[in-house]
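Here is the structure we will look at, set down as structure tokens.
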Amino acid sequence: MSSKIIIPIVVAISVIVTAGVMYGISFEQQPQVSQVSTPEIIYVDKSISEYFEGTNDIKKISSQEELKNILEASALFEGGFDYRALRSFAVDEVAMFDTAESTGVPSPSVEPMPSDGVFKTESGGSEYSTTNVQVENVDEPDYLKNDSKYVYIVSRNTLSIIDAYPAESAKLILKIALDIESQYIQNMFLNEDRLVIFYNGQSDDEIIPQFDFMPRRSYSQVTHALIIDVSDKENPTILKDYSIDGYFTDARMIGDYAYFVTNSNVDYQYPRLPVIMEGSVRIMTPEAFYFDNVEQFSNFNTLTAIDIFGDTINSETFLMGYTGAFYVSEDNFYLTYQQNMPFGFYENSSQNRFFDVIVPLLPNAIQNEIKLIQNDSSINSSAQWMKISELMQKSYNEMSKDNKEKLFEKIRESLNEYDTKIQEETRKTIIHKISIDDDKIEYVAKGSVPGRLLNQFSMDESGDRFRVATTTEIYTQYEGTIRSNAVYVLDEQLNIVGGLDQIAPDESIFSTRFIGDRLYLVTFQQIDPFFVIDLSTDTLKILGELKIPGFSNYLHPYDEEYIIGVGRDTKEIENGRVQQLGIKIALFNVADVNNPKVADEIIIGDSSTYSEALNNHKAFFFDKTRGVLSIPVSGDVKSLNETSSSKMFAPDYNRWSGFYVFDLDSSNGFDLKGTVTHSDDDSGYYGMGSARTFYIDDVLYTASDEYLKMNSFNNLEEINSIKLENTGKFIEYLEEDIIR
């Protein structure tokens, strides 16, 4: 069944001021508006298929043929359409079908204060720390994992295993190169004696290009999930090699299950559903779904669950936009992305803004004449616009200067309101909620909130509520960029049930941290407002605010009364501009929520100083029990010495890379315990991109691209050091299985 609609496509029109702008503008960019004297409006007869009526409901893709039909129908959106007309079309229910294609594949069916990642164990050390994660009991992948005795590191295409405890006798016991296509493995889980390593590879198929006759190789990205048994540290064994269409996006581990998302571009010419292989055997095609909406379908986002101690695997794939930030609780997986309106949407909006906003404000006589011109089918669209523009110009010439200016001002105000409303409706973050329970994956709901997310810390689940912090940027022709921030509360079906908007106008969110019934939020443009927001009810309110120079990129809980912030110091310079300075670590006192204060702060280096902790929370280490904080730092020796109370580094080299280690408690603030040097020459300046800190018992371990160093917790005296890169030794190849 199909229906016909007439789709107006505006090729060019002089009133277009936001068409190119709504796709996204950086803070400094200004739109370029070109005036076109002779616009042309082309009316194209398009057919909308039975698959879309604008309900936004999730629907199952029943077959490969249906996938092709859905994509053909959605491709019609690219030419422009009246999105309001879609709701009038009926749709038949699609037939369901089971996509599992092999035996042995089962069929699918208040955040606490984050822990310090400290574990007790009976083997190795008595206590050890692990990856800094957002949600307790939800592990996040990293290139380095450790238990109480061993350290596992993936780098490029190698896996290294280090016997790290006791530190005095620590040694590298295995370094093997995996025979894989990707040379940059970066993500891994460790669970007891199992590793799960993710890397991107390629699959190759044969296709016949359009209007050709000879099959050609077609390569597409796949993600490999490699499960390795490392119970025998010197002879690890590959147990499983799953490959899933698409490139690796992100992953989480809960209990014995690893959940990961892959993203594959839709090939409109040769569309096919993603498949899952084990080795060279195809084991299943995930159940596939699409959404009855008017957004462009650009990607398959596939969520896969694997039992790392068994044979169970389950997967579902969703045809939608490119996936952005994730939030994962113990029960739910939230996938988000920025809403993308189809091609032609803004052109139609430009036409609508003229006839819906400008024309009604013109004198009545002019409105009537414009309607007559519109209804005259004897002339084409270009001639229609010529008549309309001449009519408007004639009317303006007959007005007094004062009346014309009043009319223009009224039109400007109405256009601003219209443009703002349109952008608020279209610049949204789409949120998909999927429940997870071992191998069971079940789609729950779809929702949306205005604005964009900063990162995973912009989201939080607490009980039956999901909270989201966003920044919205809107451009209008006469007011420029309007920026604001908001926090929204959504129910279990992702309906907005509460919120707070217009937080720090003209600022942008730089960091957020949800902890229980509070949100700590930092915005920045000129100064650094630090907000404490009450989340105890759906009616949110700002409890307190603190304005200081600089900003925080990452917020970490100290306890219920203190928050740690890591960012940069700033100062205002001429013409109202802001200059970024050194790395700033601040301890915020939020015991009095109405009057937050800076309990202590410390500045490291200048604007050339860098820390991976600014952009990656896994590089940040803090243990409250021991009162120790560690972050990686790279900078010029001169600037590092100038911001220290004494000269810390020898002046015979220019750059230094390593770790700053602080004693930290709420009473005394920050006290520099010392530094751990990983490179003291120019060559190692950029080797801190994979910097991590952890501990086993009383030993502080710091890792960079080149070294794993072991230092005493008490005085940072070096105990041992293992060189990880460029050792000059042979690399053994794993012989159990060759990864293809």
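For this structure, a couple of remarks:
- Count of region 491-507 residues, restricted to those that are assigned to a strand (DSSP E or B) and not aliphatic (A, V, I, L, M), is 4.
One line per residue, one yes/no per condition, for (1) of a type in the set (Ser, Thr, Tyr); (2) under 23 Å from LYS145 (Cβ atoms):
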site	(1), (2)
ALA586	no, no
VAL637	no, no
THR643	yes, no
VAL661	no, yes
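- Which listed residue is at pLDDT 90 or above and either outside the structural domain of ALA225 (by TED's automatic domain parsing) or surrounded by 17 or more Cβ atoms within 10 Å (Cβ to Cβ) (or both), from ALA85, ALA90, ALA170: ALA170
- Answer residue from region 438-493, given it is surrounded by fewer than 19 Cβ atoms within 10 Å (Cβ to Cβ) and of a type in the set (Val, Ile, Thr) and is modelled with the lowest pLDDT among those: THR481
- Screening ILE533, ILE585 for residues that are part of a strand (DSSP E or B), farther than 22 Å from VAL133 by Cβ and at pLDDT 95 or above leaves exactly one candidate, ILE533.
- In region 146-167, residue surrounded by the fewest Cβ atoms within 10 Å (Cβ to Cβ) [restricted to those that are of a type in the set (Gly, Ala, Ser) and assigned to a strand (DSSP E or B)]: SER155
- Residue within region 408-420 that is in contact with a strand residue (DSSP E or B) (Cβ under 8 Å, 6 or more places away or on another chain), surrounded by fewer than 19 Cβ atoms within 10 Å (Cβ to Cβ) and under 19 Å from ARG353 (Cα atoms) present: yes
- Unmet criterion (only one of (1) closer than 30 Å to SER704 by Cα; (2) out of contact with any Phe, Trp or Tyr (no Cβ under 8 Å at 6 or more places or on another chain); (3) of a type in the set (Gly, Ala, Ser)) for SER630: (2)
- Within region 309-320, being outside any loop (DSSP other than H, G, I, E, B) and in contact with an Asp or Glu (Cβ under 6 Å, 6 or more places away or on another chain) holds for ASN314, GLU316.
- In region 44-66 there is at least one residue matching the filter, namely being part of a helix (DSSP H, G or I), at pLDDT 70 or above and crowded, with 16+ Cβ neighbours inside 10 Å.
- Residue within region 407-430 that is under 14 Å from LEU362 (Cβ atoms), part of a loop (DSSP other than H, G, I, E, B) and not acidic (Asp, Glu) present: no
The values are calculated or read from the model by the stated rules, or taken from the named source; none is laboratory data. In this text the structure is predicted, and so the values were computed from the model without any measurement. In this analysis, Cβ positions are derived from the backbone assuming ideal geometry, glycine residues included, and neighbour counts consider all displayed protein chains.
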